[in-house]
């Protein structure tokens with residue numbers, strides 16, 4: 001394999017995959033924000049998409065994603081509604097991760113792009129969402145202590161992290177992809193710890 005082939009492989013596959021992983025991790029926090037960014041960049045001619053996902057560049061899709069992003073960010077700060085959004089996110093966020101990852105694989109066939117999107121994007125978004133949900137459930141259980149302020153604070157932190165990480169995924173895709181992989185590991189670790197905490201809590205209630 002000559003240098004030109006290596007360079008082509010890096011540009012055509014490695015960078016889009018890592019960018020997709022980074023944006024999919026962001027989708028684990030906010031389903032629509034990464035899609036909004038990709039849609040906006042494609043609409044203004046700054047980003048090329050897989051032909052099967054070209055609809056993302058449509059101005060009507062862009063407007064719909066803008067509205068959906070605003071609703072998600074605002075609704076996530078409303079008690080009870082935030083938990084409902086998290087439940088819906090168990091399905092929406094992996095789907096968003098799949099779409100955003102698939103759309104970036106410009107040189108892949110539609111079927112290959114979708115398959116890689118499900119594995120890479122959907123898996124990353126689901127892992128991050130699971131870790132986030134574990135933290136949120138722990139915060140909700142402690143609501144009598146912080147009077148519900150904990151979830152709101154977490155929501156603002158997630159907004160900021162999603163915005164910064166989404167921008168980094170586009171500007172520094174390799175670094176963002178590596179950070180996203182590490183984030184998935186952290187989220188899985190947090191999920192395991194949360195399950196152990198929940199099990200211990202149940203055991204304590206039974207012995208009380």
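Rule-based calculations on the coordinates, nothing more; no lab input. Just so it is clear, the model here is predicted, and its values are computed rather than measured. Glycine also receives a Cβ, built like all others from the backbone with ideal geometry; neighbour counts cover every protein chain displayed.
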Notebook entry, point to check: Nearest 0.05, what FRET efficiency do residue 156 and residue 205 give at R0 = 35 Å with Cβ-Cβ as r?
Noted result: 0.60
Check: Angle, helix 123-141 long axis vs. longest principal axis of the chain, Cα atoms, 0 to 90°, nearest 10?
Finding: 20 degrees
Margin query: Rounded, prolate or oblate, given the Cα gyration tensor of segment 60-150, with a/c below 1.5 counting as rounded?
Written below: oblate
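How high is the FRET efficiency between residue 78 and residue 164 when r is their beta carbon distance and R₀ equals 30 Å, given to the nearest 0.05?
Rounded to the nearest 0.05, the efficiency is 0.80.
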Notebook entry, point to check: Add -39500 (n - 2.57) for each DSSP H run of 4 or more in the chain, then divide by its residues: what number comes out at 222 nm, to the nearest 500 deg cm²/dmol?
Noted result: -25500 deg cm²/dmol
Check: Expressed as a whole number of Å, what is the distance separating the alpha-carbon centroids of segment 170-201 and segment 74-91?
Finding: 20 Å
Item checked: Pairwise label distance in nanometres, residue 43 with residue 172, each label 7 Å out on the Cα-Cβ vector -> 2.8 nm
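Just need the relative contact order of the chain here, percent rounded to a whole number, with Cα pairs under 8 Å and 6+ apart.
Here the relative contact order equals 31 percent.
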Checklist line | Angle between the chain longest axis and helix 81-104 axis [Cα atoms, degrees, rounded to 10] | finding: 20 degrees
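Highest mean first, how do 93-103, 149-159 rank when packing is the count of other Cβ atoms within 10 Å averaged over residues? Write out the running numbers ahead of the final one.
Working: 93-103: 27.8, 149-159: 16.5.
Descending packing order for the listed peptides: 93-103, 149-159.
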Margin query: If I fit a long axis through the Cα atoms of helix 173-207 and take the longest principal axis of the Cα atoms of the chain, what angle between them do I get, 0 to 90°, rounded to 10?
Written below: 20 degrees
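Using a/c under 1.5 as the rounded threshold, could you call segment 3-207 rounded, prolate or oblate? The axes a ≥ b ≥ c are square roots of the C-alpha gyration tensor eigenvalues, and prolate needs a/b larger than b/c, oblate otherwise.
The shape class here is prolate.
Using packing as a proxy for protection, rank 58-67, 24-33 so that the peptide with the highest average count of other Cβ atoms within 10 Å comes first. It would help to have the intermediate numbers written out before the result.
Numbers: 58-67: 13.9, 24-33: 29.1.
Ranked from most to least packed, the peptides come out as 24-33, 58-67.
Take peptides 178-184, 191-197 and line them up by average Cβ neighbours within 10 Å, highest first, as a rough protection proxy.
On the way: 178-184: 18.7, 191-197: 13.4.
Packing order, densest peptide first, comes out as 178-184, 191-197.
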Checklist line | Nitroxide proxy distance, nm - points 7 Å out along Cα→Cβ at residue 70 and residue 189 | finding: 3.9 nm
